[in-house]
Amino acid sequence: MDLQIILKVITLGLVEGLTEFAPVSSTGHMIIVDDIWLQSENFLTKNGANTFKVVIQLGSILAVVVTFKDRFINLLSLGRFNKQTVHGNGRLKLSQVIVGLLPAGVLGVLFEDYIDENLFSTSTVLIGLVIGAVFMILADFLGPKNPKTKSVDEITYKQAFVIGLFQCFSLWPGFSRSGSTISGGVLLGVSHRVATDFTFIMAVPIMAGASFLSLLKNWGYLTMEALPIFAAGFISSFIFALLSIRFFLKLINRVRLLPFAIYRIVLAAAIYMFFI
């Protein structure tokens, strides 16, 4: 790989890593860079570009697994159930995570083709960015000032399911999975940090499953020639996602969702001015 391609790969990994789990919509950001770079100058074919995006998303997923490794070990009963985790004592159950995944998982399977064919456009992403931002602002102002749920281990099955219902909004590109579920959790009386933790934990199985299925469909594009590009993108995405997640987890209880909502509106305005 020459220097220009290396810089492109690292930048795309940076965009994915920094935005995948923050409530700012990674889709909105990728619109700005992927079509310009991934298919320009024979960098990658269209199908190869789609495969590349799946690979770098897997880098972001791995970053979440590393951050919450003790939590996932306990969820899978691979360690002592009462082992101290990132937060709490490992009492969150795998069944609660599954309950949270069901609504968006079912709708995603039923409407996958329709979403892919009709909703992945700049205009629909702009709508998702703005409406999602408004939803986040409402959550900050309408959510209880003193949330009752202050640990992931205190989340109930009902809360997990309703947060899962809010996650369905993220099927609209640009709305943001993190934005919808964190906002939904806050409205239910869950603290911003706990809603974020639960959001990240839920994201791993649903994103990993979707990514691996997509990777199987596009396995033929993982050629030896393209392998260095995919590897560099994966590593870049993993590193930047790891840094982003840890920074975001320290920040969210202090700044809440409003700054991210404002940023989304500014991003939507920039996309409208320069790409429409």
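The requirement of being in contact with a helix residue (DSSP H, G or I) (Cβ under 7 Å, 6 or more places away or on another chain), over 12 Å from V54 (Cα atoms) and of a type outside the set (F, W, Y) is satisfied by L188. Of everything listed in (1) of a type outside the set (K, R); (2) modelled with pLDDT of 80 or more; (3) out of contact with any Phe, Trp or Tyr (no Cβ under 8 Å at 6 or more places or on another chain), the single unmet condition for G59 is (3).
Just give me the residues in the stretch 155-172 being assigned to a loop (DSSP other than H, G, I, E, B) and of a type outside the set (V, I, T), in sequence order. I'd like the intermediate steps shown before the answer.
Taking the stretch 155-172 as the starting set, the residues that turn out to be assigned to a loop (DSSP other than H, G, I, E, B) are 155-156, 172.
Within the stretch 155-172, just W172 meets the criteria.
Looking across the stretch 171-192, just one residue is surrounded by fewer than 24 Cβ atoms within 10 Å (Cβ to Cβ) and among the hydroxyl-bearing types (S, T, Y), and that is S191. Of the residues making up the stretch 121-141, at least one is hydroxyl-bearing (S, T, Y), in a loop (DSSP other than H, G, I, E, B) and exposed (fewer than 15 other Cβ atoms within 10 Å of the Cβ). Taken over the stretch 142-160, residues that are over 12 Å from S191 (Cα atoms) and surrounded by fewer than 15 Cβ atoms within 10 Å (Cβ to Cβ) amount to 4.
Among all residues of the stretch 257-272, there is none that is farther than 17 Å from A133 by Cβ, surrounded by fewer than 22 Cβ atoms within 10 Å (Cβ to Cβ) and out of contact with any Cys (no Cβ under 7 Å at 6 or more places or on another chain).
Within the stretch 66-117, if we keep just the residues that are small (G, A, S) and at pLDDT 80 or above, the residue that is surrounded by the fewest Cβ atoms within 10 Å (Cβ to Cβ) turns out to be S95. Taking every residue in the stretch 186-209 that is farther than 14 Å from F248 by Cα and pairing it with any residue that is among the aromatic types (F, W, Y), at least 6 positions away or on another chain, the pairs with Cβ-Cβ distances below 9 Å are L187/F166; L188/F166; V190/F198; I201/F68; I201/F72; A203/F21; V204/F68; V204/F72.
For A195, state whether it is surrounded by 16 or more Cβ atoms within 10 Å (Cβ to Cβ) and modelled with pLDDT of 95 or more. Yes. Just one of the numbered conditions (1) modelled with pLDDT of 85 or more; (2) farther than 16 Å from G100 by Cβ; (3) β-branched (V, I, T) is not true of T223: (1).
Which of the residues belonging to the stretch 171-194 are over 12 Å from the mean Cα position of the chain (by Cα) and not charged (D, E, K, R)?
First, pick out the residues of the stretch 171-194 that are over 12 Å from the mean Cα position of the chain (by Cα): 172, 183-194.
Residues satisfying the conditions are W172, S183, G184, G185, V186, L187, L188, G189, V190, S191, H192, V194.
Any idea which of M207, M224, M202 is aliphatic (A, V, I, L, M) and outside any helix (DSSP H, G or I)?
On the way: M207 fails: outside any helix (DSSP H, G or I); M202 fails: outside any helix (DSSP H, G or I).
Just one listed residue meets the conditions, M224.
Residues that are among the aromatic types (F, W, Y), over 18 Å from the mean Cα position of the chain (by Cα) and surrounded by 15 or more Cβ atoms within 10 Å (Cβ to Cβ) occur in the stretch 204-224; there is at least one. Only residues that are part of a helix (DSSP H, G or I) and touching a residue at least 60 places away in the same chain (Cβ under 8 Å) were counted in the stretch 250-267, giving 10.
The values are calculated or read from the model by the stated rules, or taken from the named source; none is laboratory data. All of these numbers come straight from a predicted model, not from anything done at the bench. Cβ atoms come from the backbone with ideal geometry, glycine included; neighbour counts cover every protein chain shown.
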